[in-house]
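Engineer: My questions will all concern the structure given below.
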Protein chains: 2
Amino acid sequence: MSRPSEDDLIARYFAPLAGPGGFGLKDDAALMRPPPGRDVVLTVDALVAGVHFFPDDPPASIARKALRVNLSDLAAKGARPEGFLLVLALPADWREDWLDAFARALGEDGAAFFCPLLGGDTVSTPGPLTVSITALGSVAQGRMVARTGARAGDLIYVSGTIGDAALGLALRSGAGDDLPADARGFLADRYLHPQPRLALAGALAAHASGAMDVSDGLVGDLSKMMRASGVRARVDSAATPLSPAARAMIGADPRRRALALTGGDDYEILAAVPPDAAGAFERAALAAGVPVARIGVVEEGPPQAVFIDADGRVETFERESFSHF
Amino acid sequence: MSRPSEDDLIARYFAPLAGPGGFGLKDDAALMRPPPGRDVVLTVDALVAGVHFFPDDPPASIARKALRVNLSDLAAKGARPEGFLLVLALPADWREDWLDAFARALGEDGAAFFCPLLGGDTVSTPGPLTVSITALGSVAQGRMVARTGARAGDLIYVSGTIGDAALGLALRSGAGDDLPADARGFLADRYLHPQPRLALAGALAAHASGAMDVSDGLVGDLSKMMRASGVRARVDSAATPLSPAARAMIGADPRRRALALTGGDDYEILAAVPPDAAGAFERAALAAGVPVARIGVVEEGPPQAVFIDADGRVETFERESFSHF
């Protein structure tokens, strides 16, 4: 059976995913007409097999993760998705059934998140499979929520629960064998299938002074946001939201708590909200169905994140965040 | 000497290149406010070491090529550049002097083409160096020049000269030793340093019914445009513009003519222009300083490109175009 050409491959697997600005992927370029009065928000993330995911992860999971990590960035900026571009670098041994499952899942997610494929590039590589997605979103003019916007006095919120993905990844190296199957399944899924908090984007655009998504660990990412904003975060460690499964896994071995707070792949939202907007932000999050927890405050001070434990002591972490680099 | 972290690397080499929408590369996302009344045009191309360029090409040349192949796509769509996103997948043995030269050249080109860096992602890879650039441009609403727009009766134009890059690449495999040094230098440079025809973008947006850039060879790319448009091209082969250096190299071995017409990396513009707009298009190209040659006409018929030689015979080519895939 002969291998399809690049054009055949695009026509067969990716053209069905194309949105109106993608011209059936028959052109060199894609078109986006931003809704009037809105800015375009852009983000790009690359995932390399063996670095950012396991080569034998299901192709559908790889596709969903590649798109969702970008949608998570858009959500953190208060933006709604408008479309995406895909770069796929395929090793010589790629299989059609793999690509079929990958493309189907990407199409499903694109439809579910109102984020159609607009264009891309497919290349061959002697290296590992690499998926790079550029996501485009839009936000009301001037309302993009910057990482640099946190101010002294702001309250610090985090969405969902923290540490599930890092613990889910640890499961794959053999940790947590004692955990009930449903807890293991929950954590493993949190690692494989991030849930971009797009439902929170409106609340962030309306009320947050600064935000970012938590992709490299809560402690390190909050430090990054404080350095970008030039302020200090004081966090009540005990207020960090943990799922029942994470609590169970940490209960069995308390050293896992540091992993939960510094591990990557949460794809939750960290937000700084001025105190007079906090009530409205919490109500908007509730209406959007996204749990948010208040974990600390922003203060004047050296730009860093200080985590205080239940006894009032400053916690130190061996490493603050996970680095894929 | 310790290796810089991803954040250090971005701050040192890439933050100086960032445009106003890039926020000093301190954010997860970039912002673009499209000029009122203009559509956003998007294109992405990935270049893999050993596939799309030689690993030992100068880093400045790799950087320029990576950006310019995307700018060439924007030019073909009638768009002007607005900014770009960079994904850099670095193998473990990357060197700071390499990255310094790469980033400087990228900054110079970004400034020269009014196309600042807006954001990106840097990842490590166990595979070859891979550079992926997403370029954003803008065009007056509804004026993006599609590949699908060629119509029967249109005249077919090509900019500049064809085949130089493919012959320049052949030089690197030892061909053309008999050529004078200046001709060799010209062809080698045409391969290494594409010149995006951005000066022609306005003329295309105003007058062309369809266009694309020639990246995979004139014969194959014109066929692609005809298939996308559902029409046939009849080309006077002898009218294909060739540089003096290309003529000399073909003169020494006439078999190289097919390579010139079907080889890749020209980054010239193919355009279909309605006959009543041809005069205005030619005057606009002249004013922009971009030579354009009329090489054929569009007709009703099976969607393909037919090349007719000086004796009126249809030419056949062993392969129509170059495929990197």
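Engineer: Take the conditions in contact with a helix residue (DSSP H, G or I) (Cβ under 9 Å, 6 or more places away or on another chain), within 15 Å of B:L261 (Cβ to Cβ) and acidic (D, E) and apply them to B:D216. Does it pass?
Structural biologist: Here the answer is yes, as B:D216 does meet what is asked.
Engineer: Residue under question is B:A166, and the condition is that it be touching a helix residue (DSSP H, G or I) at 6+ places or on another chain (Cβ under 6 Å), touching a residue at least 24 places away in the same chain (Cβ under 8 Å), more than 14 Å from chain A (Cβ to nearest Cβ) and of a type in the set (A, V, I, L, M, F, W, C); does it hold? Give the derivation first.
Structural biologist: Working: touching a helix residue (DSSP H, G or I) at 6+ places or on another chain (Cβ under 6 Å): yes; touching a residue at least 24 places away in the same chain (Cβ under 8 Å): yes; more than 14 Å from chain A (Cβ to nearest Cβ): yes; of a type in the set (A, V, I, L, M, F, W, C): yes.
In short, yes.
Engineer: Can you tell me how many residues within the stretch B:40-64 are in a strand (DSSP E or B), among the hydroxyl-bearing types (S, T, Y) and over 18 Å from A:V123 (Cα atoms)?
Structural biologist: Total satisfying the criteria: 0.
Engineer: To continue, here is another question. Please work out which residue is surrounded by the fewest Cβ atoms within 10 Å (Cβ to Cβ), limiting yourself to the stretch A:47-90 and to residues that are over 23 Å from A:G119 (Cβ atoms) and of a type in the set (D, E, K, R).
Structural biologist: It comes out as A:D56.
Engineer: Could you tell me whether the stretch A:158-165 includes any residue that is within 26 Å of B:V123 (Cα to Cα), in contact with a Pro (Cβ under 7 Å, 6 or more places away or on another chain) and in the same structural domain as A:A76 (by TED's automatic domain parsing)?
Structural biologist: The answer is no; no qualifying residue exists.
Engineer: Taking B:P81 as meeting all but one of (1) within 24 Å of A:P36 (Cα to Cα); (2) modelled with pLDDT under 95; (3) not charged (D, E, K, R), write down the number of the exception.
Structural biologist: (2)
Engineer: Moving to a separate point now. Among the residues of the stretch A:91-124, write down those that are surrounded by fewer than 23 Cβ atoms within 10 Å (Cβ to Cβ), in a helix (DSSP H, G or I) and not small (G, A, S).
Structural biologist: A:E96, A:D97, A:W98, A:L99, A:D100, A:R104, A:E108, A:D109
Engineer: Also: Right, B:S132: crowded, with 23+ Cβ neighbours inside 10 Å, part of a strand (DSSP E or B) and among the polar types (S, T, N, Q) or not? Reasoning before the result, please.
Structural biologist: Working: crowded, with 23+ Cβ neighbours inside 10 Å: yes; part of a strand (DSSP E or B): yes; among the polar types (S, T, N, Q): yes.
Yes; evaluated as a whole, the condition is true for this residue.
Engineer: Across the stretch B:210-253, what is the total count of residues that are within 14 Å of another protein chain (Cβ to nearest Cβ), surrounded by fewer than 21 Cβ atoms within 10 Å (Cβ to Cβ) and assigned to a loop (DSSP other than H, G, I, E, B)?
Structural biologist: Within the stretch B:210-253, residues that are within 14 Å of another protein chain (Cβ to nearest Cβ), surrounded by fewer than 21 Cβ atoms within 10 Å (Cβ to Cβ) and assigned to a loop (DSSP other than H, G, I, E, B) number 1.
Engineer: From the list A:A260, A:A310, exactly one residue is modelled with pLDDT under 95, of a type in the set (A, V, I, L, M) and outside any strand (DSSP E or B). Which is it?
Structural biologist: Only one candidate passes the filter, namely A:A310.
Engineer: Another question, then. Of the conditions (1) assigned to a loop (DSSP other than H, G, I, E, B); (2) under 22 Å from B:S159 (Cβ atoms), B:L67 fails just one. Which one is it?
Structural biologist: (1)
Engineer: May I ask you to verify whether B:A285 is crowded, with 16+ Cβ neighbours inside 10 Å, of a type in the set (G, A, S), under 30 Å from A:S5 (Cα atoms) and in the same structural domain as B:R257 (by TED's automatic domain parsing)? I'd like the intermediate steps shown before the answer.
Structural biologist: Values: crowded, with 16+ Cβ neighbours inside 10 Å: yes; of a type in the set (G, A, S): yes; under 30 Å from A:S5 (Cα atoms): no; in the same structural domain as B:R257 (by TED's automatic domain parsing): yes.
Spelling it out, it is not the case that B:A285 is crowded, with 16+ Cβ neighbours inside 10 Å, of a type in the set (G, A, S), under 30 Å from A:S5 (Cα atoms) and in the same structural domain as B:R257 (by TED's automatic domain parsing).
Engineer: Take A:T122 and tell me if it is within 14 Å of B:D28 (Cα to Cα) and within 7 Å of chain B (Cβ to nearest Cβ).
Structural biologist: Numbers: within 14 Å of B:D28 (Cα to Cα): no; within 7 Å of chain B (Cβ to nearest Cβ): yes.
For A:T122, the condition - within 14 Å of B:D28 (Cα to Cα) and within 7 Å of chain B (Cβ to nearest Cβ) - is not met.
Engineer: Right, next: Which residues, taken from the stretch B:147-163, are crowded, with 22+ Cβ neighbours inside 10 Å, of a type in the set (G, A, S) and away from chain A (no Cβ under 14 Å)?
Structural biologist: Selection gives B:S159, B:G163.
A quick yes/no check of all residues on (1) more than 26 Å from B:R3 (Cβ to Cβ); (2) in contact with a Leu (Cβ under 9 Å, 6 or more places away or on another chain); (3) within 14 Å of another protein chain (Cβ to nearest Cβ); (4) at pLDDT below 95:
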{"position": "B:H52", "(1), (2), (3), (4)": "yes, no, yes, yes"}
{"position": "B:L85", "(1), (2), (3), (4)": "no, yes, yes, no"}
{"position": "B:P91", "(1), (2), (3), (4)": "no, yes, yes, no"}
{"position": "B:A112", "(1), (2), (3), (4)": "yes, no, no, no"}
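Engineer: Related question: Somewhere in the stretch B:171-193, is a residue surrounded by fewer than 22 Cβ atoms within 10 Å (Cβ to Cβ), free of Cβ contacts under 8 Å to residues at least 60 places away in the same chain, at positive phi and of a type outside the set (F, W, Y)?
Structural biologist: yes
Engineer: Give the residues of the stretch A:13-30 that are surrounded by fewer than 23 Cβ atoms within 10 Å (Cβ to Cβ) and at the interface with chain B (Cβ under 7 Å from one of its Cβ atoms), sorted by residue number.
Structural biologist: Correct list: A:F23, A:K26.
Engineer: Going by the conditions given, is B:L200 part of a helix (DSSP H, G or I) and buried (at least 22 other Cβ atoms within 10 Å of the Cβ)?
Structural biologist: Spelling it out, B:L200 is indeed part of a helix (DSSP H, G or I) and buried (at least 22 other Cβ atoms within 10 Å of the Cβ).
The values are calculated or read from the model by the stated rules, or taken from the named source; none is laboratory data. The structure displayed is predicted, hence computed values, not measured ones. All Cβ positions, even for glycine, are placed from backbone atoms using ideal geometry, and neighbour counts span all protein chains on display.
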